[in-house]
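Enquirer: I'd like to ask you about the structure that follows.
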């Protein structure tokens, strides 16, 4: 893995890892704190809603801000700003009263607004600091690191919230964001070259490009369908399936979650190890993964044996990760360089709020027809993404020479 000796890659990887872990810790500690203070699931859920609103708002100014201020200043500054907003949130959330609650949500909005710059910028920077032949491997390594830190964050976050004082968890998150910003500060990139990836066209033009570049449009639609399908794996629906269909305890519910994350980590390792194969067959990998995920979801929904369900969860992880890595690599290649940031910010602005809506949709399906029907519906949605890919020859038979100029 020679490209990891590239200081720029290592700095970007380190920065993302620190900020991913810190972001999860902040989300968990705030939601738990507000729930403890208000005893309201709805009010605790507003944290995620305001984070989504911030991502949408940020999508309209990511490109001009990065173009004017430069990548390093924005990314390092955004992490430091998030550390400041954590301090403000920690102060306001410890005070009772409706006014302080809304002030906390305002700080949550600002915190997420600053964080919304990272992913589009990272997406645009990677092709600049990594040779094209190493895109799949680099995306795989970053995905693997992200999965490990997210797993650690969600796995330890709840425990830390109850076992460690609130102030210490907040302090740890602040330190992680400072370290993330410091990692970006050692990044060496040609700012003029990087600024060329920040689209100067209007917001309307960026959204139009999202719809008219065929592969970008198709992958966005597939992502929306797969987000709806993937929402059945949310904790609430999975718990209902475990209790009502399998008649098992929360122990198996935890094992299903753990099995998937282990599979996702294995998937990233597979993508790294066989990167040259996936580089030649990205379209087929995306299409085949959707088909297999549909089959595994059906296996999960009809299996009466918890152990087989856990195996299905573990087997789904690699296919999901391989598909995700191939999709990201393909997008980096087909989106014109100067439009990468704008288009990815617009794509995130669609998918972020949509992901929140999908939980409500599948929750209603599970309440009305049962958790098992919700999983069968998810399998049908995965089949739809398979059919969309199958119907688009330019996606299935994608070759690197197809890159849009």
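Read-outs throughout are calculated quantities, based only on the coordinates presented, and are distinct from any laboratory measurement. Fair warning: this is a prediction, and the values are worked out from it, not measured in the lab. Note: ideal-geometry Cβ built from the backbone for every residue, glycine included; neighbour counts use all protein chains shown.
Enquirer: Given a Förster radius of 25 Å and the C-beta distance between residue 269 and residue 119 as r, what FRET efficiency does 1/(1 + (r/R0)^6) yield to the nearest 0.05? Let's see the in-between values first.
Expert: Numbers: r = 22 Å, r/R0 = 0.89.
Here the calculated transfer efficiency is 0.65.
Enquirer: Once the piece of chain linking residue 61 and residue 364 is laid out straight, how much longer is it, given 0.36 nm per residue of separation minus the C-alpha distance between them?
Expert: Values: separation 303, 0.36 × 303 = 109.08 nm, distance 3.48 nm.
Residue separation times 0.36 nm, minus the Cα-Cα distance, leaves 105.6 nm.
Enquirer: Here's another thing I want to ask about it. Provide the gained length on full extension for the span residue 132 to residue 251, in nm with one decimal, where the gain is 0.36 nm per separating residue minus the Cα-Cα distance. Could the numbers behind the result be given before it?
Expert: Numbers: separation 119, 0.36 × 119 = 42.84 nm, distance 4.42 nm.
The residue 132-residue 251 span can extend by a further 38.4 nm.
Enquirer: Do the sum for the chain: with -39,500 (n - 2.57) for every DSSP H run of n ≥ 4, divided by all residues, what is the mean residue ellipticity at 222 nm, to the nearest 500 deg cm²/dmol? The partial results should precede the final answer.
Expert: On the way: 19 runs with 337 residues, N = 405.
About -28000 deg cm²/dmol.
Enquirer: Sticking with this one: Output the peptides 13-20, 322-329 sorted from most to least packed, where packing is the average of other Cβ atoms within 10 Å over each peptide's residues. Numbers along the way, then the final one.
Expert: Working: 13-20: 21.6, 322-329: 24.6.
Descending packing order for the listed peptides: 322-329, 13-20.
Enquirer: I need the shape label for the chain. Rule: rounded when a/c is under 1.5, else prolate if a/b > b/c, else oblate, with a, b, c from the alpha carbon gyration tensor. Spell out each step's value before the answer.
Expert: Details: a/c = 1.55, a/b = 1.03, b/c = 1.51.
Oblate shape, in that a/c is at least 1.5 and b/c is the bigger or equal ratio.
Enquirer: Let me ask you something else. Rounded if a/c is under 1.5, else prolate if a/b beats b/c, else oblate: with a ≥ b ≥ c from the C-alpha gyration tensor eigenvalues square-rooted, which is region 204-402? Walk me through the intermediate numbers first.
Expert: Values: a/c = 2.25, a/b = 1.61, b/c = 1.40.
It is prolate, given that a/c is not under 1.5 and a/b is the larger ratio.
Enquirer: How large is log10 I(q)/I(0) at q = 0.12, 0.16, 0.18 Å⁻¹ when the Debye formula is applied to the Cα atoms of region 28-186, each weighted equally and without solvent?
Expert: Log10 of I(q)/I(0), two decimals: -0.60, -1.02, -1.23.
Enquirer: I'd like the FRET efficiency for residue 178 and residue 98, computed as 1/(1 + (r/R0)^6) with the beta carbon distance as r and R0 of 41 Å, rounded to 0.05.
Expert: Values: r = 32 Å, r/R0 = 0.78.
It comes out at approximately 0.80.
Enquirer: Figure the gain on full extension for residue 276 and residue 373 (residue separation times 0.36 nm, minus the Cα-Cα span) and round it to one decimal in nm. Present the calculation step by step, with values, prior to reporting the outcome.
Expert: On the way: separation 97, 0.36 × 97 = 34.92 nm, distance 3.90 nm.
Contour length minus the Cα-Cα distance gives 31.0 nm.
Enquirer: Based only on other Cβ atoms within 10 Å, what is the fewest-to-most ordering of 347, 372, 133?
Expert: Numbers: 347 23, 372 17, 133 12.
Ranking 347, 372, 133 by Cβ neighbours within 10 Å, fewest first, gives 133, 372, 347.
Enquirer: Here is a further query. Assign one of three labels to region 81-172, namely rounded, prolate or oblate, based on the Cα gyration tensor with a ≥ b ≥ c the square roots of its eigenvalues; rounded applies when a/c is under 1.5, prolate when it is not and a/b is larger than b/c, and oblate otherwise. Provide the component values of the computation, followed by the final result.
Expert: Details: a/c = 3.84, a/b = 1.83, b/c = 2.10.
It is oblate, given that a/c is not under 1.5 and a/b is not larger than b/c.
Enquirer: In addition: Per-residue counts of other Cβ atoms within 10 Å, averaged by peptide: what ranking do you get for 208-219, 120-131, highest first? Don't skip to the answer; put the middle values down first.
Expert: Details: 208-219: 17.3, 120-131: 21.1.
Result, highest mean first: 120-131, 208-219.
Enquirer: Could I ask something else about it? Rank the residues 144, 239 as a footprinting-exposure proxy: fewest other Cβ atoms within 10 Å of their Cβ go first.
Expert: Values: 144 22, 239 17.
Least crowded to most crowded, the residues run 239, 144.
Enquirer: Using Cβ contacts closer than 10 Å as the measure, can you line up 362, 37 from fewest to most?
Expert: On the way: 362 25, 37 16.
Listed from fewest to most nearby Cβ atoms, that is 37, 362.
Enquirer: Between residue 258 and residue 35, what is the FRET efficiency for a Förster distance of 22 Å, r being their Cβ-Cβ separation, to the nearest 0.05? Walk me through the intermediate numbers first.
Expert: On the way: r = 24 Å, r/R0 = 1.08.
So the FRET efficiency works out to roughly 0.40.
Enquirer: May I ask you to list the residues of region 34-63 whose amide nitrogen lies under 17 Å from a point 7 Å from Cα along the Cα→beta-carbon direction of residue 357?
Expert: Under cut-off, by backbone N: 49-57.
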